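Heads up: the structure comes next, in structure tokens.
Derivation of every value follows stated rules applied to the coordinates shown; laboratory data play no part. Source: prediction; values computed, not measured. Because the Cβ atoms are built from the backbone with ideal geometry, glycine has one as well, and the counts that use them run over all protein chains shown.
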Amino acid sequence: MRKAAEPGMVERIASFLGDNALTRSWAQGVDNAVIRPVEKMVVDDEGLQTAVYNQIAALTPDAGGLSEKQLQLLSAIKGSPANAELLNEHLATAPDRRKFVLDQGYSLIDKVKPTRDQMMGVFDQIPSDGRTGLTETGDYVRQFGLGSPVAAYSAVAAGGAMGTAAAIEAYDWWVAQQQQAQKDAQLPLQGSAITG
């Protein structure tokens, strides 16, 4: 058994508590159900474009060519299939892979000048990571508010408390039913006996 005082153990525990299946699932759920819809109503065109090309760049793999999702998103902006062979050729020699993709997204948006609806359609195809979106305020809410690990654990604790309260209520009802059954068993039978 490891002791919490071992070097690095506290940091590992904190890291796990901050990023695990529960916190990721919570952040993505809150992002899709609450934060993204609000952001889409308030973001300006420039913010939308910046978010789209930043998030496409964030999908860049550490090695190899562009991911299928990146090619799909770049094609959606362009309105026709992106030249995967040419892009991957240049990506292979790029000193900063993410910056290369970022620049490609920016240049493509600048060249094609897609409408707001087209850009919103591209944004809707970007998978939510629960941490980034369209606005700085939204990202703050994701990281420190509704989408934070603290909110995730609070919701679970509240759900657990509500479940416990429901179990206690069910138990109280069962006890009351048992007590009523005992009282009913002790009462004399009503009605007349048939003799004869």
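Structure summary
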{"quantity": "Odd one out for LYS99, checked against (1) part of a helix (DSSP H, G or I); (2) of a type in the set (Lys, Arg); (3) in contact (Cβ under 8 Å) with a residue 60 or more places away in the chain", "calculated": "(3)"}
{"quantity": "Single residue of the range 122-133 satisfying the filter (surrounded by fewer than 14 Cβ atoms within 10 Å (Cβ to Cβ) and either touching a residue at least 24 places away in the same chain (Cβ under 8 Å) or β-branched (Val, Ile, Thr) (or both)) that is farthest from LEU48 (Cα to Cα)", "calculated": "PRO127"}
